[in-house]
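Questions regarding the structure given below will be posed in turn.
The values are calculated or read from the model by the stated rules, or taken from the named source; none is laboratory data. All figures in this text were calculated on a predicted structure; none of them were measured in a lab. Here the Cβ positions follow ideal geometry from the backbone for every residue, glycine too, while neighbour counts run over all protein chains shown. When the accessible area is computed, the model is the full protein with side chains, heavy atoms only, and any ligands, DNA or RNA have been set aside. Shrake-Rupley method; radii C 1.70, N 1.55, O 1.52, S 1.80 Å.
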Amino acid sequence: RTGCFTYDPGFTSTASCESKITYIDGDKGVLLYRGYPIDQLAENTTFLETAYLLLYGELPTKEQYDAFTVRITRHTMLHEQMNRFFSGFRRDAHPMAIMVGIVGALSAFYHDSLNIRDPWQREMASIRMIAKMPTIAAMAYKYSIGQPFIYPKNDLDYSANFMRMCFAVPCEDYPIDPVLTRAMRRIFILHADHEQNASTSTVRLAGSSGANPFACISAGIACLWGPAHGGANEAALMMLEEIGSVDRIPEYVKRAKDKDDPFRLMGFGHRVYKNYDPRAKIMQKTCHEVLGAVGLKDDPILKVAMELEKIALSDEYFIEKKLYPNIDFYSGITLKALGFPTEMFTVLFALARTVGWIAQWKEMVEDPSQRIGRPRQLYTGATERPFVPMGDR
Ligand code: SDX
């Protein structure tokens, strides 16, 4: 063990670590948060209820839930000084770039006095991070469209508050739609944690050096931005829109199977799931509900997605390589129908995954045997050789 990472020569490209938070059985398509199946949580809990479970290991009692909700609610506002950071960005800056910058800048507001070895200060940093992410995400969106920032409202739940901060304007409030806010809540729960994925491993590795949690979460956001990871929801929708119609699907499936063509079906395949991503099934159901609620149940892009899924799942290439739709396949269509532009899709993923990142960071920092992560390598470079002065080269 080197800190939270153990190096197993059998896995040359991965490090592994111990955790009690999330369990995935990739072959069976099983995902459990602290032992509870993801579909049970997505259907029956609020996002903060699942957040409490991920952070503390048990579903909260009513009293615990109410106290947790009040603490989160009381920290949803950002220090007014932080607002000025946004004006340093171009209006067309990608919101993920803004998220990396603003979340990292939280270190300057809370890190100086933060001792992560003190349980209470660790707790406060966790609460602040989870509470402020929706506000920062909504501000990044508002800044990109040139609208004024909307302050959080304490009488709204986490998902409704976020949607109102995104879509309300000073001259007209945003009518809270229960179907859409239920969909938002479910999407946040589905994205909350996922074991040691690339961005969570980034947060753990950064945190293992003792870096403050805001800087670690900023590193996780940067990693999640990649199109092979959290950026796939944006890429999947752009792919579906490029395909455009059902009759063009075979051409793209052919390209995805061509080893010489870098094109991949975005939203398909997974490092761990060699079966259907259990989150994809819930996302597909949510997609139908949202499109129905906003009058888009006949959206041609949904038809392309469903037909592409059907064709791919019966194609021997995808069957042999065990490539199934993952969470990103239907999330893009759903988020667009909820009113978000494509560049906000990965921001929403980061917003939800902050709970998992913080839970994993806390678990690591609170592990008494924890040491700095130091994955090793298999060296394949030159063996030792004598130096040659430039004139003799
Ligand atoms: C997320 O780790 C997590 O948990 C991540 C995540 C989370 O919640 O944090 O679940 C979120 O990142 C989901 C994945 C989103 N990314 C995409 O949808 C991008 C498209 N998918 C691929 O790029 C790919 O499937 C990966 C990156 C997800 C996995 O890459 P791997 O590990 O290289 O894929 P694999 O080992 O399963 O591939 C097996 C084979 C390979 O061919 P061979 O080299 O064996 O010949 O299948 C091929 C791959 O080339 N393949 C695909 C494909 N995905 C893999 N071929 C066509 N289309 C695809 N989408």
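What does the charge count near L224 come to, summing +1 for each Lys or Arg and -1 for each Asp or Glu among other residues with Cβ under 15 Å from its Cβ?
-2
With Kirkwood's inverse mean 1/r over C-alpha pairs for Rh, give me the Rg to Rh ratio of the chain, two decimals please.
Radius of gyration relative to Kirkwood radius: 0.99.
Putting +1 on Lys and Arg Cβ atoms and -1 on Asp and Glu Cβ atoms, find which of A236, N212, M344 reaches farthest to the positive end of the dipole of the chain.
It is N212, whose Cα lies furthest towards the positive end.
Also, I was wondering about something else. Just round it to a whole percent: the fraction of Cα-Cα distances in region 144-292 exceeding 23 Å.
56
Using a 1.4 angstrom probe, figure out how much accessible area region 159-246 has per residue, in square angstrom, rounded to the nearest whole.
It amounts to 31 Å² per residue over region 159-246.
Say the dipole of the chain comes from +1 at the beta carbon of Lys and Arg and -1 at that of Asp and Glu; which of T61, T354, P386 then lies farthest toward its positive end?
P386
Separate question: Could you tally the net charge around G35, taking each other residue with its Cβ under 14 Å from the Cβ of G35, Lys/Arg +1 and Asp/Glu -1?
Here the count lands on -3.
Okay, next question. Longest exposed-loop-site-free stretch of the chain, with GluC sites (Glu not before Pro), DSSP loop and at most 16 other Cβ within 10 Å?
Segment 59-365 is the longest.
About its Cα centre, how strong a charge dipole does region 97-247 have in debye, to the nearest 20, once Lys and Arg get +1 and Asp and Glu get -1 at the Cβ?
500
Quantify how much of the Cα-Cα distance distribution of region 35-97 extends past 16 Å, in percent.
Result: 61 percent of Cα pairs exceed 16 Å.
To continue, here is another question. Each label point is 7 Å from the Cα along the Cα-to-Cβ direction; what then is the distance between the points at R84 and A198, in nm?
Using points 7 Å along Cα→Cβ, the separation is 3.6 nm.
Further question on the same structure: A382 versus K297, label points 7 Å from Cα toward the beta carbon: distance in nm?
So the label points at A382 and K297 sit 6.8 nm apart.
Sticking with this structure for a sec: Trypsin sites (Lys or Arg not before Pro) within region 118-173: which are DSSP loop residues with at most 12 other Cβ atoms inside 10 Å?
When the trypsin sites (Lys or Arg not before Pro) of region 118-173 are filtered for loop state and at most 12 Cβ neighbours within 10 Å, nothing remains.
Work out Dmax and Rg for region 98-228 from the C-alpha atoms and quote the Rg first, both in angstrom.
When restricted to Cα atoms, region 98-228 yields Rg and Dmax of 16.0, 47 Å.
Output wanted: per-residue J couplings in Hz (rounded whole) for region 339-346, from phi through Karplus 6.51 cos²θ - 1.76 cosθ + 1.60, θ = phi - 60°, x for Gly and Pro.
Along region 339-346, the couplings run x, 8, x, 4, 5, 8, 4, 6 Hz.
On a 1.4 Å probe surface of the protein chains, which of M390, M124, M77, M82 comes out largest in accessible area, and what is the full order?
I get M390, M77, M124, M82, largest accessible area first.
Going 7 Å from the Cα of V246 in the Cα-to-Cβ direction, what parts of region 268-303 have a backbone nitrogen less than 12 Å from that spot?
300-303
Follow-up question, since we're still on this one. With every protein chain left in place and a probe of 1.4 Å, what is the accessible surface of K321, to the nearest 10 Å²?
About 90 Å², ignoring ligands and nucleic acids.
May I ask you to give the percent of accessible area on the chain that is carbon plus sulfur, with a probe radius of 1.4 Å?
55
For H194, H270, write out the residues from largest to smallest accessible area, computed with a 1.4 angstrom probe and no ligands counted.
Order by accessible area, largest first: H270, H194.
Ignoring the sites themselves, what is the longest stretch of the chain with no chymotrypsin sites (Phe, Trp or Tyr not before Pro) in a DSSP loop and at most 10 other beta-carbon atoms within 10 Å?
Looking at the chain, 12-378 is the longest stretch - no exposed chymotrypsin sites (Phe, Trp or Tyr not before Pro) with at most 10 other Cβ atoms within 10 Å.
Can you give the accessible area of D66, probe radius 1.4 Å, in Å² rounded to 10?
60
Could I ask something else about it? Sorted by accessible area with a 1.4 angstrom probe, largest first, how do L296, L348 fall?
Ranking L296, L348 by accessible area, largest first, yields L296, L348.
What residues have an amide H closer than 5 Å to that of R34, excluding those fewer than 5 places away on the same chain, when H is modeled at 1.01 Å from N in the peptide plane?
Residues meeting the criterion, in which the H sits 1.01 Å from N, are T22, Y23.
Using the Cα centre as the reference, give the magnitude of the dipole from point charges on the C-beta atoms of the chain (Lys, Arg: +1; Asp, Glu: -1; all else neutral), rounded to the nearest 20 debye.
Dipole about the Cα centre, nearest 20: 720 debye.
Here is a further query. For S87, what accessible area in Å² do you get when you roll a 1.4 Å probe over the heavy atoms of the protein chains, rounding to the nearest 10?
Solvent-accessible area, nearest 10 Å²: 80 Å².
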